[in-house]
Amino acid sequence: MPAVDVEPNPYSDLPESAFWRNAVQNGDPLNPDTIYSRKFEITRDAQIATAGSCFAQHIARHLRAQGFPVIDTERAPGGLTGKAAEAFGYGLYSARYGNLYTVRQLRQLIEEITTPKTQEMVVWERDGRYFDALRPSVEPEGLDSPEEVMAHRASHLRSVARMIRTMDLFIFTLGLTETWIHKRTGIVYPTAPGVIAGKFDSSEFEFKNFTHSEIMADLEQVRRLLKRRRPDLKFILTVSPVPLTATASGRHVLPATQYSKATLRSAAGEMADQHDDVDYFPSYEIITNPAARSDFFAGNLRSIAPQGVGAVMRTFSAAHVPEEAAPIAPPLSAPPAPVETPRARRPRDEDDVVCEEMLLDAFAKGRR
């Protein structure tokens, strides 16, 4: 068939990555190099801090394995190592704050340091043991008294402050829009009262599902507060591809998940478009790529399979450390063991990451 002359138009000179057939239908989901082009370089001496939802733990592990100086200002005490240390929140992130699922959690933590005030409603009780309600999973057995919880929290905040003073790059993984809030104080929590500790009272606590405008306001405030202390600080935002375990929105969990991820993705992208010091990395898009045909998810269709994590990390390395970026395609692992109780000591994601949200699965009918 003879070639047809086409008049010049806005699509005639676009690269292959701009067309679905080339970039997705005929693309390699294990090595989607062209999906991400870095906005700025990560130098080998950059002090990197990480935070976010449980998927963010993969990023910290990968960066450490690549030899990058990932900050850890709250190290485990002597004799506590490996999985035992992780069960107590050590080594997962740059400080022992546990999973920060929402941007409001992150803002709340930073404001607690930058504009100190007396905190209320931050101690929960269970069976005579006491927990930090803002990071309830870091002491699986709880502490002896509310005073001990507050002393531990004060030490933790000093560690976070040290992290802020030294970091050059902050990588944050946005995970959820849904949370639970204390009505009078506005404090938000990583999990609902009564799941790990505490008691739920509808007169005190209410469900909150953040909107795009609220998330944007929180991201802008986080950036402002951190830039006051680190004017040259850069940010990489990404969105966790892990679906919701459960939703309290009244919707089916699938559209509730799509609302959450779409809202977070939109806000993260807008931040990157508006600020030269903010980049967006497409973890969510790599895992949910239709070309992977769901193979990047484990058998529960929620946890991320090893080759999915590998594709994400390989894409990151291709942009930032190309000399280390060999193709990654590990085999699928077995599905995770079911969670039997909402008080399970060490909730685990597919690749053994600490994730409180997995505990919600225990409340599903037939699992109680």
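If you go through the stretch 51-101 and pick out every residue that is part of a helix (DSSP H, G or I) and small (Gly, Ala, Ser), you end up with 7. Could you give every pair whose Cβ atoms fall below 6 Å, whose first residue belongs to the stretch 224-235 and is closer than 13 Å to residue 49 by Cα, and whose second residue is at pLDDT 95 or above and part of a strand (DSSP E or B), counting only separations of at least 6 or pairs across chains? Qualifying pairs under 6 Å: 234/169; 235/170; 235/278. Within the stretch 113-131, the only residue that satisfies the criterion of being modelled with pLDDT under 95, outside any loop (DSSP other than H, G, I, E, B) and of a type in the set (A, V, I, L, M, F, W, C) is 113.
Exactly one residue out of 280, 259, 284 is out of contact with any His (no Cβ under 9 Å at 6 or more places or on another chain) and over 16 Å from residue 171 (Cβ atoms): that is 259.
Scanning the stretch 63-98 for residues that are surrounded by fewer than 19 Cβ atoms within 10 Å (Cβ to Cβ) and under 19 Å from residue 169 (Cα atoms) gives 64, 65, 66, 67, 69.
Output the residue which, of all residues in the stretch 112-155 that are charged (D, E, K, R) and buried (at least 17 other Cβ atoms within 10 Å of the Cβ), is nearest to residue 228 (Cα to Cα).
Our first condition is that a residue be charged (D, E, K, R); within the stretch 112-155, this holds for 112, 117, 120, 125-127, 129, 132, 135, 139, 141, 144, 147-148, 153.
The next check asks that each one be buried (at least 17 other Cβ atoms within 10 Å of the Cβ); those that pass are 112, 132, 135, 139, 153.
Working: 112: 15, 132: 28, 135: 26, 139: 32, 153: 24 Å.
Out of the qualifying residues, it is 112.
Whenever a residue of the stretch 12-25 is in contact (Cβ under 8 Å) with a residue 40 or more places away in the chain and assigned to a helix (DSSP H, G or I), its partners that are surrounded by 10 or more Cβ atoms within 10 Å (Cβ to Cβ) and small (Gly, Ala, Ser), lying with C-beta atoms within less than 9 angstrom and at least six residues away or across chains, give the pairs 24/291; 25/291. The single condition from (1) closer than 20 Å to residue 111 by Cα; (2) in contact (Cβ under 8 Å) with a residue 60 or more places away in the chain that residue 197 fails is (1). The sole residue among 268, 197, 256 that is more than 15 Å from the chain's Cα centre (by Cα) and closer than 24 Å to residue 302 by Cα is 256. Taken over the stretch 28-42, the criterion of being touching a residue at least 60 places away in the same chain (Cβ under 8 Å) and not acidic (Asp, Glu) is satisfied by 29, 30, 31, 32, 35, 36, 37, 38, 39, 40, 42. Residues in the stretch 2-36 that are loosely packed, with under 10 Cβ neighbours inside 10 Å and under 23 Å from residue 320 (Cβ atoms): 15 only.
The values are calculated or read from the model by the stated rules, or taken from the named source; none is laboratory data. Because the structure is predicted, anything quoted here is derived from the model rather than measured. Virtual Cβ from ideal backbone geometry, glycine too; neighbours counted across all protein chains shown.
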